[in-house]
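K.L.:
Got a structure here, written out as structure tokens. Questions coming.
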Amino acid sequence: QVQLVESGGGLVQPGGSLRLSCAASGFTSRVNFVWYTLSWYRQAPGKERELVATITSGRSKNYVDSVKGRFTIGRVNDENTVYLQMNNVLPEDTAVYYCNAGVGGVPGSYWGQGTQVTVSS
């Protein structure tokens, strides 16, 4: 069973940086992490869950417009890990951030439990 565990959330001041990580487990030679599309979503209070960034098995990346130039998604296949580097954060980036994995389109089948990011002075 694939499991995703996020870490790295917390309180950060506007203009600061934060790096979220998501450790994935449950992969085998028949269910290979390399094949999976990995994404970060976020959900702010009172709002719908929003796709923030995606990286495919071929390392193609996509971002929601509001984070382009500030956030970077990456994957380390040898460590079964996906990360989200968040720079120049804004108060509107405050949300619970979720890791997602799947084969094919987004969202995929697997979700992490979420990690809170709060941007405030």
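K.L.:
Would you kindly find the accessible area of ILE73, with a 1.4 Å probe and non-protein molecules such as ligands, DNA and RNA excluded, rounding to the nearest 10 Å²?
P.N.:
0 Å²
K.L.:
Still on this structure, I have one more. About the Cα centre, and with charges only on the beta carbon of Lys, Arg (+1) and Asp, Glu (-1), how big is the dipole of the chain? Nearest 20 debye, please. Before the final figure, lay out the partial values.
P.N.:
Numbers: 10 positive and 8 negative charges, 40 e Å.
Rounded to the nearest 20 debye, it is 200 debye.
K.L.:
Let me know the charge dipole size of region 49-114 about its Cα centre in debye, to the nearest 20, where only the beta-carbon of Lys, Arg (+1) and Asp, Glu (-1) is charged. Let's see the in-between values first.
P.N.:
On the way: 6 positive and 6 negative charges, 33 e Å.
With Lys and Arg at +1 and Asp and Glu at -1, about 160 debye.
K.L.:
Where only protein heavy atoms count, and the probe is 1.4 Å, what is the accessible area per residue for region 1-94 in Å²? Can you show the working numbers first?
P.N.:
Values: 5060 Å² over 94 residues.
Heavy-atom SASA per residue in region 1-94 reads 54 Å².
K.L.:
Rounded to whole Hz and in sequence order, give me ³J(HN,Hα) for region 51-68 from the Karplus expression 6.51 cos²θ - 1.76 cosθ + 1.60, θ = phi - 60°, writing x for Gly and Pro.
P.N.:
6, 9, 7, 9, 10, 8, 4, x, 6, 6, 10, 9, 9, 5, 4, 5, 10, 4
K.L.:
For the chain, just list the percent of Cα-Cα distances falling in each 5 Å bin from zero outward, please.
P.N.:
Bins of 5 Å from zero give 2, 12, 24, 26, 19, 10, 5, 2, 0, 0 percent of pairs.
K.L.:
Provide the gained length on full extension for the span SER17 to VAL106, in nm with one decimal, where the gain is 0.36 nm per separating residue minus the Cα-Cα distance.
P.N.:
Here the segment from SER17 to VAL106 would lengthen by 29.4 nm.
K.L.:
Tell me, what HN-Hα J-couplings in whole Hz come from the Karplus equation 6.51 cos²θ - 1.76 cosθ + 1.60 at θ = phi - 60° for each residue of region 108-121, using x for Gly and Pro?
P.N.:
Along region 108-121, the couplings run x, 7, 10, 10, x, 8, x, 9, 7, 10, 10, 10, 7, 8 Hz.
K.L.:
What figure in square angstrom, to the nearest 10, would you give for the accessible area of SER25 with a 1.4 Å probe?
P.N.:
Surface accessible to solvent at SER25 totals approximately 50 Å².
K.L.:
What ³J(HN,Hα) values, in whole Hz, does the Karplus curve 6.51 cos²θ - 1.76 cosθ + 1.60 give for region 16-32 when θ = phi - 60°, with x put for Gly and Pro?
P.N.:
Residue by residue, region 16-32 yields x, 10, 8, 10, 8, 10, 9, 9, 10, 9, x, 8, 9, 5, 8, 10, 9 Hz.
K.L.:
Something else now. Which order do you get for ASP65, ASP78, ASP93 if you rank them by accessible area with a 1.4 Å probe, largest at the top? The partial results should precede the final answer.
P.N.:
Working: ASP65 115, ASP78 155, ASP93 0 Å².
So, going from the largest accessible area down, we get ASP78, ASP65, ASP93.
K.L.:
Only loop residues by DSSP count here, and only those with at most 10 other Cβ atoms within 10 Å; note down the GluC sites (Glu not before Pro) in region 16-121 that meet that.
P.N.:
Working: sites: GLU48, GLU50, GLU79, GLU92; in loops: GLU48.
Those that pass, being in a loop and sparsely packed, are GLU48.
K.L.:
Turning to a different aspect of this structure: So for region 1-63, taking the charge dipole from beta-carbon charges (+1 Lys/Arg, -1 Asp/Glu), which of ALA53, SER7, LEU20 sits furthest toward the positive end?
P.N.:
Toward the positive end, the furthest listed residue is ALA53.
K.L.:
Take ASN62 and VAL31, extend 7 Å from each Cα along the Cα→Cβ direction, and tell me the distance between the two endpoints in nm.
P.N.:
2.5 nm
K.L.:
What does the extension gain come out to for SER121 and GLU92, with contour length at 0.36 nm per residue minus their alpha carbon separation? Mind dumping the intermediate values first?
P.N.:
On the way: separation 29, 0.36 × 29 = 10.44 nm, distance 1.27 nm.
Difference between extended and current length: 9.2 nm.
K.L.:
Carbon-plus-sulfur fraction of the accessible area of the chain, 1.4 Å probe, in percent? Present the calculation step by step, with values, prior to reporting the outcome.
P.N.:
Details: 2930 of 6240 Å².
The value for the chain is 47 percent carbon and sulfur by accessible area.
The values are calculated or read from the model by the stated rules, or taken from the named source; none is laboratory data. For clarity, every value in this text was computed on a predicted model and none was experimentally measured. Cβ coordinates were reconstructed from backbone atoms using ideal geometry, including for glycine residues, and neighbour counts include every protein chain displayed. Just so you know, the surface numbers come from the protein's heavy atoms only, side chains and all, with ligands and any DNA or RNA stripped out. Shrake-Rupley method; radii C 1.70, N 1.55, O 1.52, S 1.80 Å.
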